[in-house]
């Protein structure tokens, strides 16, 4: 595994000076074998996952011409998907190629016997300084919808710089309702203050005006539809990745709230709206029994604008197969569909870490 040292990365332009891939899984030829072996492990036998990931300074596009400078894990927002099995052993080498210190907090993981891996600067470790590396080692538990994010200056790095990604831990014994699921989708909600777009190291302060709101780092109309067939049973994993609340409403359906913060509720809650707060995760099960085109949006109305101009922000839709898409008024009638926008294809792959070119930013010089 490639290692980066402070000497190798001294300030001659960190990203350009060091030829370290943004993300590697063991080695290029071993990665596939490792993932395949992990997927085929007998029940109860833990797999070993070893990854290496860089933190990079990048520029992403939220919508239109609105860009934002970020500190990005593997250069993308959201960060790569970690998808493992309950009890698996995970090792992550994190290289800091930026100009400020960072960590990773593995939000929701219990870190039994590994409290030093919790990723809190000045409490469980020193912040990873520019040019330095840190290796995290832990057991993936409990099962459920977890996530990871920086824990340095969280008011900026997490709330408005995109330092977050999904961490999904499959249970050894899935609940009956999980076995019904035909499609699995990740939706990470966040908000951005354009006044700080080009000012790394600043922002996320009381009084900031957040004027862009995103699903997986994109605002409508740059979001993607969720395409389904009648009879599908889909799982929508919703994350409060930023510092705000998002009241998510789905038209035309009653869904079941089944999991909260990765843990199954004593009984499902029927609803058509769910309020997702900072750091929270809700897993909802939706039975696709009403063909049509059905909007998904934030019912905090200011969150459906881009820069104070409607319509935008946290808006997308469920689109049933067989419903005509050629109406001139329909937004996605002639727009190219981008698969894996919700990591739905990556979640079908063998266990491992999955990058997504849709979320890749442009390096900041």
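Every number here is computed from the coordinates shown, using simple stated rules; none is lab data. Fair warning: this is a prediction, and the values are worked out from it, not measured in the lab. A quick note on method: Cβ atoms are made from the backbone with ideal geometry, for glycine too, and the neighbour counts reach across all protein chains shown.
Counting only DSSP beta bridges with both residues in the chain, tell me the antiparallel percent, nearest 5.
If I count the DSSP bridges inside the chain, around 75 percent turn out antiparallel.
Explain nothing, just the number: relative contact order of the chain, from Cα pairs under 8 Å at least 6 residues apart, as a whole percent.
19 percent
So what is the 222 nm mean residue ellipticity for the chain from helices alone, if each DSSP H run of at least 4 adds -39500 (n - 2.57) and you divide by all residues, rounding to the nearest 500 deg cm²/dmol?
The helix contribution divided over the chain gives -1500 deg cm²/dmol.
Taking the alpha carbon gyration tensor of the chain, what are the square roots of 5 times its eigenvalues, largest first, to the nearest whole Å?
Working from the Cα gyration tensor, I get semi-axes of 31, 26, 19 Å.
For Cα pairs less than 8 Å apart in space and 6+ apart in sequence, what is the mean separation divided by the residue count of the range 178-336, i.e. the relative contact order in percent?
28 percent
Only Cα pairs under 8 Å and at least 6 apart count here; give the relative contact order of the range 272-365 as a rounded whole percent.
RCO, the range 272-365: 17 percent.
Quick one: the Cα spread of the range 178-336 along its three principal axes, in angstroms, biggest first?
47, 46, 22
Sorted by average packing, counted as other Cβ atoms within 10 angstrom per residue and highest first, what order do 148-155, 206-213 take?
148-155, 206-213
Place the peptides 110-117, 174-181, 133-140 in order of packing, highest mean first, counting for every residue the other Cβ atoms within 10 Å and averaging per peptide.
Descending packing order for the listed peptides: 133-140, 110-117, 174-181.
Out of all DSSP beta bridges with both ends in the range 125-273, state the antiparallel percent to the nearest 5.
Rounded to the nearest five, the antiparallel share is 70 percent.
Which order do peptides 287-296, 329-338 fall in by mean Cβ count within 10 Å, highest first?
287-296, 329-338
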